[in-house]
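**Student:** Sending over a structure as structure tokens; questions will come in a sec.
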Amino acid sequence: MATAAAGEELAVTAELSQLRHWEQEQDTLKKRMVERDQHNEWTLESLKRVGGVDISFIKGDNINACATLVVLSYPDLQVLHEESMMVQLTAPYIPGFLAFREVDHLVTLVRRLEASRPDLMPQLIMVDGNGKLHYRGFGLACHLGVLLDLPTVGIGKNILVVDNLDKESFHAKERAELQHRGDWIPVVGASQTVWGAAVRCVEAAINPVYVSVGHRVSLDTAIKLALATAKHKIPEAVRMADQLSRLFLRKRAGTQ
């Protein structure tokens, strides 16, 4: 019993040490985060290539997953590039620090494309996950954008409750105000900070997506991009990355 207790204590100590290290690294990266439009090579009118990234898990397996990068042409949203690869998420999951489990694999996919086909590099990446709308104001989209120094946008499928946001009241506000495609409302917490926006991307989809700043893109531009790239509820780059990663896992399962 004493040996088991000592082992548990060591595990807790290791996790706390890891957490402190991640907090310091996250705080350092956050200082480099830019919440305004800063894209020297494109505007909404001249944008040509939009990327999307996603990581999908094998059911019942929290370690083995599929990371996917897709690049779409803009504005016609045709697939220019896609790559999926199996990855192992060996870092522990700690709420608020998900990026440390996932971001290196996404960086690898983008760097591989940059090395092999720089002409297909996305000018902006939409991330299946949150940006500023995050417990520490620095989600996966922010983390990826800062590491790559590329404009990024977070696209969340479910509301993340931050800053004492009243979830039930907010959902009631969504139902009342998000009546048509293009309608959106800000996600504002108790501190009156604007963390992101709930956006209804298409007429047919009642539920919104949650758009937030990642890096080098303003919230206003992020909302416009989400609407301009949505054929369905979810902007197409994220939707395609999600579909391709799940298809990759199904095909892999079928060959085993």
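The values are calculated or read from the model by the stated rules, or taken from the named source; none is laboratory data. Predicted model, so just to flag it, every value in this text is computed and none were measured. Cβ placement follows ideal geometry from the backbone for every residue including glycine, while neighbour counts extend to all protein chains displayed.
**Student:** Starting from residues that are among the polar types (S, T, N, Q) and not in a loop (DSSP other than H, G, I, E, B), keep the ones in the stretch 68-83 and report whichever is farthest from THR229 (Cα to Cα).
**Tutor:** Our first condition is that a residue be among the polar types (S, T, N, Q); within the stretch 68-83, this holds for 68, 73, 78.
Then keep just the ones that are not in a loop (DSSP other than H, G, I, E, B); that gives 68, 73.
Values: THR68: 18, SER73: 10 Å.
Among them, the one singled out is THR68.
**Student:** Still on this structure: Using the structure shown, decide if ALA222 is part of a helix (DSSP H, G or I) and of a type in the set (A, V, I, L, M).
**Tutor:** yes
**Student:** Residue under question is ALA176, and the condition is that it be among the hydrophobic types (A, V, I, L, M, F, W, C) and under 23 Å from GLN78 (Cα atoms); does it hold? Step through it out loud before you land on a result.
**Tutor:** Numbers: among the hydrophobic types (A, V, I, L, M, F, W, C): yes; under 23 Å from GLN78 (Cα atoms): no.
No; evaluated as a whole, the condition is false for this residue.
**Student:** Here's a follow-up. Here is a check on your reading of the model: is LEU72 touching a Lys or Arg at 6+ places or on another chain (Cβ under 8 Å), closer than 20 Å to HIS39 by Cα and among the hydrophobic types (A, V, I, L, M, F, W, C)?
**Tutor:** On the way: touching a Lys or Arg at 6+ places or on another chain (Cβ under 8 Å): yes; closer than 20 Å to HIS39 by Cα: yes; among the hydrophobic types (A, V, I, L, M, F, W, C): yes.
Yes; evaluated as a whole, the condition is true for this residue.
**Student:** Of the conditions (1) aromatic (Phe, Trp, Tyr); (2) out of contact with any helix residue (DSSP H, G or I) (no Cβ under 9 Å at 6 or more places or on another chain); (3) under 20 Å from PHE138 (Cα atoms), TRP22 clears all except one; give me its number.
**Tutor:** Evaluating TRP22 over (1) aromatic (Phe, Trp, Tyr); (2) out of contact with any helix residue (DSSP H, G or I) (no Cβ under 9 Å at 6 or more places or on another chain); (3) under 20 Å from PHE138 (Cα atoms) leaves (2) as the failure.
**Student:** Do we find that GLU168 is over 13 Å from the mean Cα position of the chain (by Cα), surrounded by fewer than 17 Cβ atoms within 10 Å (Cβ to Cβ) and closer than 22 Å to VAL199 by Cα in this structure? If you could, list the steps in order and put the result at the bottom.
**Tutor:** Working: over 13 Å from the mean Cα position of the chain (by Cα): yes; surrounded by fewer than 17 Cβ atoms within 10 Å (Cβ to Cβ): yes; closer than 22 Å to VAL199 by Cα: yes.
When the stated conditions are applied, GLU168 passes them.
**Student:** State yes or no: is ALA241 at pLDDT 95 or above, outside any helix (DSSP H, G or I) and surrounded by 15 or more Cβ atoms within 10 Å (Cβ to Cβ)?
**Tutor:** Working: at pLDDT 95 or above: yes; outside any helix (DSSP H, G or I): no; surrounded by 15 or more Cβ atoms within 10 Å (Cβ to Cβ): yes.
Considered against the rule, which asks whether it is at pLDDT 95 or above, outside any helix (DSSP H, G or I) and surrounded by 15 or more Cβ atoms within 10 Å (Cβ to Cβ), ALA241 comes out as no.
**Student:** Which residue pairs have Cβ atoms closer than 7 Å, lie 6 or more positions apart in sequence or on different chains, and pair a first residue in the stretch 179-198 that is in contact (Cβ under 8 Å) with a residue 12 or more places away in the chain with a second residue that is aromatic (Phe, Trp, Tyr)?
**Tutor:** Qualifying pairs under 7 Å: VAL187/TRP195; VAL187/TYR210; GLY189/TRP195; GLY196/TYR210; ALA197/TRP184; ALA198/TRP184; ALA198/TYR210.
**Student:** Would you confirm, using the coordinates I've provided, whether ILE63 is over 16 Å from ARG112 (Cβ atoms) and in contact (Cβ under 8 Å) with a residue 40 or more places away in the chain? Break it down into steps so the answer makes sense when it comes.
**Tutor:** On the way: over 16 Å from ARG112 (Cβ atoms): yes; in contact (Cβ under 8 Å) with a residue 40 or more places away in the chain: no.
Criteria not met by ILE63.
**Student:** List the residue pairs whose Cβ atoms are under 7 Å apart, where the first residue sits in the stretch 22-37 and is closer than 10 Å to HIS215 by Cα, the second is among the polar types (S, T, N, Q) and surrounded by 14 or more Cβ atoms within 10 Å (Cβ to Cβ), and the two are 6 or more positions apart or on different chains.
**Tutor:** Within 7 Å, the pairs are GLU35/SER218; ARG36/SER218; ASP37/SER218; ASP37/THR221.
**Student:** Right, another one. Hey, any hits in the stretch 22-29 for a residue that's assigned to a loop (DSSP other than H, G, I, E, B), modelled with pLDDT of 95 or more and more than 30 Å from ALA253 (Cα to Cα)?
**Tutor:** Residues of the stretch 22-29 assigned to a loop (DSSP other than H, G, I, E, B): none.
Checked the stretch 22-29: no residue is assigned to a loop (DSSP other than H, G, I, E, B), modelled with pLDDT of 95 or more and more than 30 Å from ALA253 (Cα to Cα).
**Student:** Whether any residue in the stretch 51-61 is over 16 Å from the mean Cα position of the chain (by Cα), of a type outside the set (Val, Ile, Thr) and either modelled with pLDDT of 95 or more or part of a strand (DSSP E or B) (or both) is what I want to check.
**Tutor:** No, the stretch 51-61 contains no residue that is over 16 Å from the mean Cα position of the chain (by Cα), of a type outside the set (Val, Ile, Thr) and either modelled with pLDDT of 95 or more or part of a strand (DSSP E or B) (or both).
**Student:** Can you tell me how many residues in the stretch 75-118 are free of Cβ contacts under 8 Å to residues at least 60 places away in the same chain, out of contact with any Lys or Arg (no Cβ under 9 Å at 6 or more places or on another chain) and among the β-branched types (Val, Ile, Thr)?
**Tutor:** Of the residues in that region, 5 qualify.
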